[in-house]
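Note sheet for the following structure.
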Amino acid sequence: MKRRSLAVKNLLRKPGRTSALVILTALLALSVFGGSVVVGSLRQGFRSLESRLGADIIVVPSSAQSKVSFQNMLLQGTNGAFYMDGKNLDRVREVAGVELAAPQVFLASLKADCCSVKIQVIGFDPETDFFVRPWIEQSYTRQLGDLDVVVGSKVESGVGEIIRIYDERCKVVGRLAATGTGLDTAVYCNLSTMKMLLTAAEEKGVSHKVSSDESDDRISAIYVKVKDGYDIGAVNSEIQGHTRKCSAVRTKSMLTDVSDSLSAISGTVATLIGAIWLLSLVILVVAFVMIANERKREFAVLRLLGTSRAMLGGMILKESALCSLAGGALGVLTASMLVFPFTTLIETRLGLPYLRPSAGTITALALAALAATVMVGSLASSWASFRLSRVDPGTVLREGN
Amino acid sequence: MKRFSPGAAAALALSAVITVGSVSLLGPCVHEDGSFGSCHWAGQALLGIGLLLAVLSLAALLVKDGRLRAGMLFAAAAAAILGIFVPGTLIHLCGMATMRCRAVMRPAMTLLCALTALSCLTGGIAAYRKAGSEK
């Protein structure tokens, strides 16, 4: 009990030294916790995208594919408006091996009064859809009526609120669970509502690439599910041959692109964390050795007063563990203040699916960061602790004279 | 009474960041058509709160009387707490989470105002205690 209080007293007696050690260990915890939360969020976002992309193949107009606009729309929420002939849907359905084919119509450049930015409206056919519907059914189980919309998690409108799109009053009937992808910034409606919105836009003199008259014949994307037993690659090639001015994209190739970017970012973050840890470890070891040299006489006196070597070593370890614990807590707190409130900003800047892990995972990461920091702090002081406990009190005190 | 108060100094630095930030990097959305959204007014309110915080914390740094300093720091803490509730609660922001007012201004200002309130409260308590012990 006495030793414990002595360790605390030693730390309080030298606030400058203690603060420096706390800040150094806080840097360790900040880097490992902040880095692991960012990487964990990217992985969670990727898993979410993987599960959301229930289709095996996505058919988009060639223009969309060449501009990578579809992938950007999906990952970053960039507004996309590209159209192809609606007959392509029938052509896709005729291909052997196609189990389901669902169309979607995208509308960009619609200015909603809710946010004074262009929002992406995605129209889908509730009868045939298998891409959006299962996701919507998690929050809204009834049939979407005319001018009923379901909003993504990043559209700040509550259920029951009215959002005006080209003066059309659309009722928000549901809010979707976050996916960490660009789909979170979109508004979803049925094709009939989409037609009304197009008409409303035209009445205001805003023209789109597709007019309301031909909206039944124009679609933006076709989501395809391949029957079991068929080779997805072969079906993809078949679709490519059957459709006109279209590109059939395998979702797997899209996921591979995202996965490659994710690996690159994870690698960079891991390298940075490693570098910070190595640097901090070296600084900590040097700091503890310097402190040990500075405190030689203090420990010599303690030895003369009857403190055993083990007790001295234990006291140094306790001091460093306390510093590391305080630093670890400070680092985790600082990382939390920097990473969690700015989730959307990080997601936008990275341009990759980003979904915060569950509270349990975050707590586990925080505890792991704290434990690692305390372990490294104790490890760094162990050499100094060993050297100090071996000090010969007589020699040290004579040196001082 | 000792002249320097670390709490007031920290509050002054943070309020400078709030003031400058509310009209620059940490400010509301900039609309292409030059129109103002409600987030603009949240930014203006934060500018006012930032200036008030700067004046109060500067005054708290300069005054010698401990109780007066404590009073100023407590008033600044109240203003900083008000600042936490300005973006999003007292004044609505834009409707999309990806917009600057929601992605940058709100979290940054909430964090800065919370830190300012903490600095002012700790500085105020320290000043009040010191003034009490000097009597």
> Just for helices (runs of 4 or more DSSP H) wholly inside the stretch A:298-401: which have at least 2 residues that are modelled with pLDDT of 80 or more?
Replying inline: A:309-339, A:343-350, A:359-389
> What's the number of the condition A:T344 fails, among (1) surrounded by fewer than 20 Cβ atoms within 10 Å (Cβ to Cβ); (2) touching a Ser or Thr at 6+ places or on another chain (Cβ under 8 Å); (3) touching a residue at least 12 places away in the same chain (Cβ under 8 Å)?
Replying inline: (1)
> Of the residues in the stretch B:27-51, how many are crowded, with 19+ Cβ neighbours inside 10 Å and either modelled with pLDDT of 95 or more or more than 13 Å from chain A (Cβ to nearest Cβ) (or both)?
Replying inline: 6
>> Between A:G306, A:G351, which is on the phi > 0 side of the Ramachandran plot, within 14 Å of chain B (Cβ to nearest Cβ) and of a type outside the set (S, T, N, Q)?
In response: A:G351
>> Being loosely packed, with under 15 Cβ neighbours inside 10 Å, assigned to a helix (DSSP H, G or I) and more than 21 Å from the chain's Cα centre (by Cα) is the requirement here; does A:A264 meet it?
In response: no
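Residue by residue, here is whether (1) in a helix (DSSP H, G or I); (2) more than 12 Å from the chain's Cα centre (by Cα); (3) at negative phi; (4) polar (S, T, N, Q) holds:
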position	(1), (2), (3), (4)
B:A9	yes, yes, yes, no
B:S15	yes, no, yes, yes
B:D33	no, yes, yes, no
B:A80	yes, no, yes, no
> In the stretch A:160-170, how many are surrounded by fewer than 14 Cβ atoms within 10 Å (Cβ to Cβ), away from every other protein chain (no Cβ under 14 Å) and at negative phi?
Replying inline: 1
>> So, A:G152, is that one loosely packed, with under 12 Cβ neighbours inside 10 Å, within 11 Å of chain B (Cβ to nearest Cβ) and within 27 Å of B:G88 (Cα to Cα) or not?
In response: no
> For the stretch B:95-131, which residues satisfy the criterion of being more than 14 Å from every other protein chain (Cβ to nearest Cβ), crowded, with 21+ Cβ neighbours inside 10 Å and over 13 Å from B:A75 (Cα atoms)?
Replying inline: B:A127
> Which of the following residues is farther than 30 Å from A:I222 by Cα and not acidic (D, E): A:V249, A:V235, A:V258, A:V269?
Replying inline: A:V269
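Every residue, every condition in (1) under 13 Å from B:C113 (Cα atoms); (2) in a loop (DSSP other than H, G, I, E, B), yes or no:
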site: B:I18; (1), (2): yes, no
site: B:S24; (1), (2): no, yes
site: B:P28; (1), (2): no, yes
site: B:W41; (1), (2): no, no
site: B:L52; (1), (2): yes, no
site: B:L56; (1), (2): no, no
>> I'm trying to understand the selection: among the residues of the stretch B:74-85, which are surrounded by fewer than 23 Cβ atoms within 10 Å (Cβ to Cβ) and within 12 Å of B:R106 (Cα to Cα)?
In response: B:I84, B:F85
> Which residues, taken from the stretch A:234-250, are modelled with pLDDT of 90 or more and either touching a helix residue (DSSP H, G or I) at 6+ places or on another chain (Cβ under 9 Å) or of a type outside the set (S, T, N, Q) (or both)?
Replying inline: A:A234, A:V235, A:E238, A:I239
>> Just to verify a result, which residue in the stretch A:7-58, among those that are surrounded by fewer than 18 Cβ atoms within 10 Å (Cβ to Cβ) and of a type in the set (S, T, Y), is nearest to A:V105 (Cα to Cα)?
In response: A:S51
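The values are calculated or read from the model by the stated rules, or taken from the named source; none is laboratory data. Keep in mind that what you see is a predicted model, and the values were worked out from it rather than measured. Virtual Cβ from ideal backbone geometry, glycine too; neighbours counted across all protein chains shown.
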